Each structure stands twice: as structure tokens, then as C-alpha cells.
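Take a look at the structure set out below.
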Amino acid sequence: MKVLFSAFLLTRPSVSLAFTPGPTFSTAQTRTHALGMGWPTYVETDTKKKGGFTSKFFRDKADDADVHDEKESLLSRIEKKTISEAKEMGANLLEKTEAEAKVDWEVKADGIFGFVPTKEMTGVEPEMSRLCATISSQLYTKASEDEFILSTKDQKTEAFIYDDHGAFGDATPPFLAAITGDTMILGWRGTSSLADDLNDVACSPQSSLAWRKHAETIKAHGAFTSIVHNDIANHEESIIKKIKESGIKEIITTGQSLGGGVAQVAHLTLRAQIEDETSPWSALQGVNVRSVAFCGPMTTVLLDNASPETDAFLEKLWDNSCNFVYKNDVVPRGYGYLSFIEDFVDNAQGDLIKKIPMNRILKKILDFQGKLENLVDSTKENESLSGLLGVLSQYIHMGNLIYYESEDAKPLVLKDMGAFYNNTKKETDLFRCIKYKDVGDPLDQFMGWHMDIISYPEDELY
């Protein structure tokens, strides 16, 4: 069942070189404030009539009939049973040896992205993008705050919290807090364990007391929300104290893959907490919060019922969010861009038939998918799957998507208007206008698409 396969592609460590000092450029694109997609039924609200922020998102949505047809189309693709058919044609889902798998983590080509995005694109200086990428990478390999090497000759950065969660470390990704100048960076590691795999797929959209004023409109990825709440609850006293002592003006949340998704929910949580007069975080009024995520999945579901206060909150959340995407990486297309992920699975079928060895995580995912495909033969299961498609399709990205077609290409700034956006104005800067591009060896390229966008050359770090 490919929709569940898509949920499992949320993913493994990225440790190759990517952002190194290079040319920056300015984009002539105009930022358009828009969001993803809403529930299949839309109601005219006061916010929409007044032309507020969320109105720009909801007013050009498909009607119920078109939504139904799209869900049925996705369901029919899942029923093709691509993995089962590949096995019938001789596929054996071979796993790479340890030595072969190690190649997946090596730097491809020169490992240098030719263009570092500008502050106009991401909201932060290029050096801060590189620092966030470095933290996201080192979170996979460092085991204490003293092991992190984050400073350059021009920029001192010091970690002051590293939490591997002790006895619960196998179930919860590590968390880091660091300071550079008047900026605090909070980072989370991406997927690296079985429990992380389970957190990736525990994607039911949930409201939270952390954003109680906006809970009727905003829902977020359930497991990522619990990870954020756990770390904030454990460390908020020391973090708030450090912010006050250090004169911090901005908090940046960051991470790659699962960590990127967690970072986006952390941004939502902390922004709401600072604006909540009942929260200890309200003492930080005037401190901005933003997220700089790498290859993170979609984390947000919105309902078309925003109050003027929530409408304004969402606009600030949007303006302070960005997520980097590289080539055909399927992870940022989860959970709401299901047709893209279906295209990847179709493209990979030929490699499966050729018995090309694959990374362990991919083998595990495809084995699981093959078993699930056998469960969709009954009407009851198809009805349940159709309902699940309806939920997953509502996930969106907030803010700017910084999309690289290749490592030497100038990145595009895109926006996610959701799965059922009509695009009557023929906008060209839409994330879902970027279609999957078939390649000859998708199983081998899968890890590179997801890995190559983070890190920093260690010989420039101190």
C-alpha cells in the first residue's frame, strides 16, 4: 500500500557535504502568502469574506466532486500492487552489504552546492543556513555537547544543552540547544532508529494546548508534536534563563528529515507559547521564532475557520518558515503529495525486477509495503484506505520551499498550496508543480536526494 510506504520514507541520516561558502543571489520572485490545503468541505467564513491571510489559501480550492475523483485516482494507483507485481516478475528485494551501503553516505561529485540562498529567500543570512545544516548533520554523529564543532573563524557557536534522553534514547531523537551571537538554535536529529521510523508514521493530525488560541484551526503531526512537548517541558526553564542572560533576539528551530518536521512543529509551539500570556515563555515577548528545516515532511493541517487572531498568527508562522528540498527527494512530498511518491514507486519497479541491491531501510519499507498491498482487496479495507488518503492529503508545508533541481542550480522559492488547489491564476511558483522525474537508478539515487543537502566542511570548523 504505497500511501503507507510514503509514510515510512521519513528517513535516515544525512551526513555529506552540502553548504559550503559560495555565491549567493537574489531572486526576483515575489513572496506570495498562501498556505496548503484544507478539508474536503469548505465553508465561507468571515475571514475569507474579509480577504485575510487564510482566504488566499482557501478561496481557490477544488469542489467536493473533484476531491472525490482525485482520491479515487490515488486509490486505483495503490491497488496496482506494484511491489507484488515486481515479486511475481522475479524481484527479490536484495539488501546491500554493509560495505555497499556505506557508499550511500559518501559525498557525491564535489559535494558543494553552487548557490547558498539569500536572506530574502530563507529569512536568515547564508552563514546561518550553513550553521543550521551543520547542526542537523552533526546531530547524527555526536554524543555530547562538547563533541559538537560548530564555530568558524568568523562565527562562534557554542552548544549548551545536549539531551540524548538517557534510558529513553532508543525511543526519542536527541535534542541540542546552541547559541551564536544573539541567536539561539534548537535542533533535533533525523530518523536513525526503529522508534524514529514509528514516529514518522504516527502522523495523525492533532491540536494542542500549546497553541490553545488557535487549536480549532491548526493541527500538527501527532508524534512530532509529542517530541517537541517532551523536550520543551524538560528544558524550558534553562532555555528561557539562557535567552534572558544572553540577550537572545531570535530562536531558530532546525533539523533534517524527521528532525526537520519536528523543527517546524517546534516553531509553531514556541511562537504560540510566547504569545500566550499564561505561559512562562510570554516573558520573551519581542524574541522572534523561525524554522530552517532540511528535507522535512509536511507537518501542518489547517481548517477554514480561522479567527482574525489566528489568521494573523498563521501569517507570521508562514513568513518565518522555510524548508530545503533537493531533486526527487520523496520525504518532503510526504504526507500530502501522494502522487509524487506513487511516481517514485512506479519508477523503482524496474530496479526491483533487476534485483538491484538496496539500502536496508528501503528494503524494509518495500517488504512492508508488499505485505500491506495484500490487505486492500476488500471493500471495507478500500473504504478505510480512502479515508486515510483524505486525511494525509490535507498535510501542507508552511512558508518557503527552497528547491534545488541540482546541486549547481539556483534554488527556486516555491509555496505549497495543497493537494486540491485549482491554480486558476496559473501561478508558476507552486511546490506541487514540480513533478517527479524518472531516473535510471532510483533506488541508488534515493539516499543522495535526501542526504546531500546538509553539513559543512569540517576543516573550516573550530
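The values are calculated or read from the model by the stated rules, or taken from the named source; none is laboratory data. Note that the structure is a prediction, hence the values are computed from the model and not measured. Every residue, glycine among them, receives a Cβ derived from its backbone with ideal geometry; neighbour counts consider all protein chains shown. These accessible areas exclude ligands, DNA and RNA; they are computed on the full protein's heavy atoms, side chains included. Shrake-Rupley method; radii C 1.70, N 1.55, O 1.52, S 1.80 Å.
Before moving on, here are some points about what is shown:
- Residue match in segment 254-268 (condition: touching a Ser or Thr at 6+ places or on another chain (Cβ under 7 Å), more than 25 Å from SER137 (Cβ to Cβ), at pLDDT below 95 and not basic (Lys, Arg)): no
- Some residue of segment 225-243 being within 27 Å of MET447 (Cα to Cα), assigned to a strand (DSSP E or B) and at pLDDT 95 or above: no
- Counting the residues of segment 383-397 that are open to solvent by 10 Å² or more (accessible area, probe 1.4 Å) and in contact with a Ser or Thr (Cβ under 9 Å, 6 or more places away or on another chain) gives 1.
- Answer residue from segment 131-160, given it is in contact (Cβ under 8 Å) with a residue 40 or more places away in the chain and open to solvent by 20 Å² or more (accessible area, probe 1.4 Å) and is nearest to LYS242 (Cα to Cα) among those: PHE160
- Of the candidates ASP459, ASP444, the single residue that is within 18 Å of GLN349 (Cβ to Cβ) and open to solvent by 20 Å² or more (accessible area, probe 1.4 Å) is ASP444.
- Residues that are open to solvent by 40 Å² or more (accessible area, probe 1.4 Å) and under 20 Å from the mean Cα position of the chain (by Cα) within segment 409-420 comprise just one, LEU412.
- Residue in segment 431-441 that is at pLDDT 85 or above, open to solvent by 20 Å² or more (accessible area, probe 1.4 Å) and closer than 17 Å to PHE113 by Cβ present: no
- Selection from segment 398-408 of residues that are open to solvent by less than 40 Å² (accessible area, probe 1.4 Å) and either in contact with a Ser or Thr (Cβ under 9 Å, 6 or more places away or on another chain) or more than 22 Å from LEU317 (Cα to Cα) (or both): MET398, GLY399, ASN400, ILE402, TYR404, GLU407
- ASN305 passes every criterion in (1) touching a residue at least 60 places away in the same chain (Cβ under 8 Å); (2) of a type outside the set (Ser, Thr, Tyr); (3) surrounded by 21 or more Cβ atoms within 10 Å (Cβ to Cβ); (4) outside any helix (DSSP H, G or I) apart from (3).
- Extreme residue, modelled with the highest pLDDT, among residues of segment 179-224 that are in a loop (DSSP other than H, G, I, E, B) and of a type in the set (A, V, I, L, M, F, W, C): ALA215
- Residues considered: THR122, THR118. Of these, the only one that is β-branched (Val, Ile, Thr), touching a Ser or Thr at 6+ places or on another chain (Cβ under 6 Å), more than 20 Å from SER257 (Cα to Cα) and modelled with pLDDT of 90 or more is THR118.
- Given (1) at pLDDT 80 or above; (2) part of a loop (DSSP other than H, G, I, E, B), number of the condition ILE402 does not satisfy: (2)
- Test: THR278 is out of contact with any Cys (no Cβ under 8 Å at 6 or more places or on another chain), open to solvent by 40 Å² or more (accessible area, probe 1.4 Å) and not aliphatic (A, V, I, L, M): yes
- Counted residues, segment 244-253 - those being open to solvent by 70 Å² or more (accessible area, probe 1.4 Å) and part of a helix (DSSP H, G or I): 2
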